[in-house]
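Please read the structure below before turning to the comments.
Every read-out reported here was derived from the displayed coordinates using simple, explicitly stated rules and does not represent laboratory data. Source: prediction; values computed, not measured. As a convention, Cβ positions derive from the backbone with ideal geometry for all residues, glycine included, and neighbour counts pool all protein chains shown.
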Ligand SMILES: *Cc1c(COP(=O)(O)O)cnc(C)c1O
């Protein structure tokens, strides 16, 4: 007899098994268990001695990560808030600014600049390529009144990196700032702010910092602070001079995201223990194994420029939609990667090796991509990618 209990049994039995989940997207990224635990501690008051002690340490260690002697501002916002502040705190309405548009995030610089009434000079870069330094030099020569060059160190939407060191060398002896969105570069790859002469460097917590979203960071050079004094752009919440002053007293201008700063304390301890050069080398090793592994599996890496160390953009094989690969990874294998954006939608999918990532995250990524393409009936050298990645990651 068909009882209601039996009906329930069959209903449950026919549900897909719940998959173990792996977060391999270019942000947000997995948060290490010790960091999650630290953030679960009871709230502390931000104007208390406990907070001040915590903040003093965090403030110093951020300089280590940024490789700068200047203070690094800590904002309660996502990365885009800090990008907006990197426009409003250094320019005045009507100012001219050059921006490198080689993807979704480069395009965002242009949108922010326009929103505040700046005159923009766009250097359009084909998606997947890295900006040509000759083009930057030509734009600077043609626009000697340009107040800044806005660029990404790693263009997350295309998986290509730009040579921000080379750009800073061009702006260094001009009255022009080099403003870098290092959101998927900081804590991933070497961007020594002072050594390279970068003027404003923006980063965000849910990328290389192994933290949840909600914190953004801004390093500001002396040259940029001089621009700040002359800037007349309207601003209120993102007031960098006010934040700098607060930072001197081990505070933020407004209520800080206390729990995230507790997590940041933990993350910076991890980074210091590993050593930043080792952190960069680990990401480089994983990125290289991901690319070489996927190539051995028969896939093509999308960027033709310098590949980003944080995220690998992969071309969807002929006849297979990139969105289907990304969806299959998630629904059949529990792996959250990312699809393509705008005109790359369906053409590429992206997989990150960012933050709390190590050898077996890369093995999972390569194995899952091979299997997802196989699920979709695509051509793939199953196992060849994993083998190649293993060979590259084996500890000698
Ligand atoms: C994620 C990302 C951003 C945007 O950051 P939000 O935190 O979403 O505001 C900007 N630039 C790059 C390069 C990114 O990867």
Rounded to 0.05, the calculated FRET efficiency for the beta carbons of residue 115 and residue 241 at R₀ = 22 Å is 0.55
Neighbour-count ranking for 52, 72, 369 (other C-beta within 10 angstrom, fewest to most) reads 52, 72, 369
Ranked from fewest to most other Cβ atoms within 10 Å of their own Cβ, 55, 240 fall in the order 55, 240
For the chain, longest principal axis from Cα atoms; helix 49-66 axis from its Cα atoms; angle between them, nearest 10 degrees, is 90 degrees
Taking 352-362, 336-346 and ranking on average Cβ neighbours within 10 Å, highest first, one gets 352-362, 336-346
If N is the residue count of the chain, its Cα Rg over 2.2 N^0.38 Å rounds to 1.05
Ranked by GNM mean-square fluctuation in the chain (Cα springs under 10 Å), the top entry among 279, 131, 180 is 279
Per residue, the convex hull enclosing the alpha carbons of the stretch 169-255 has a volume in Å³ of 116 Å³
Ordering 262-273, 59-70 by per-residue average of other C-beta atoms within 10 angstrom, highest first, gives 262-273, 59-70
Classified through the alpha carbon gyration tensor (a ≥ b ≥ c as square roots of its eigenvalues; rounded if a/c is under 1.5, else prolate when a/b is larger than b/c, else oblate), the stretch 318-379 comes out oblate
Between the modelled labels at residue 381 and residue 323 (7 Å from Cα along Cα→Cβ) the distance in nm is 3.1 nm
The rounded separation in angstrom of the Cα centers of the stretch 83-143 and the stretch 289-335 is 29 Å
On the formula 1/(1 + (r/R0)^6), with r taken between the Cβ atoms of residue 250 and residue 19 and R0 of 56 Å, the FRET efficiency rounded to 0.05 is 0.80
Expected unfolding gain across residue 230-residue 141 under the 0.36 nm per residue rule, minus the alpha-carbon gap, is 29.7 nm
Summing -39500 (n - 2.57) over every DSSP H run of at least 4 in the chain, dividing by its residue total and rounding to the nearest 500, the 222 nm mean residue ellipticity is -13500 deg cm²/dmol
As a percent rounded to 5, the proportion of antiparallel DSSP bridges among beta bridges in the chain is 50 percent
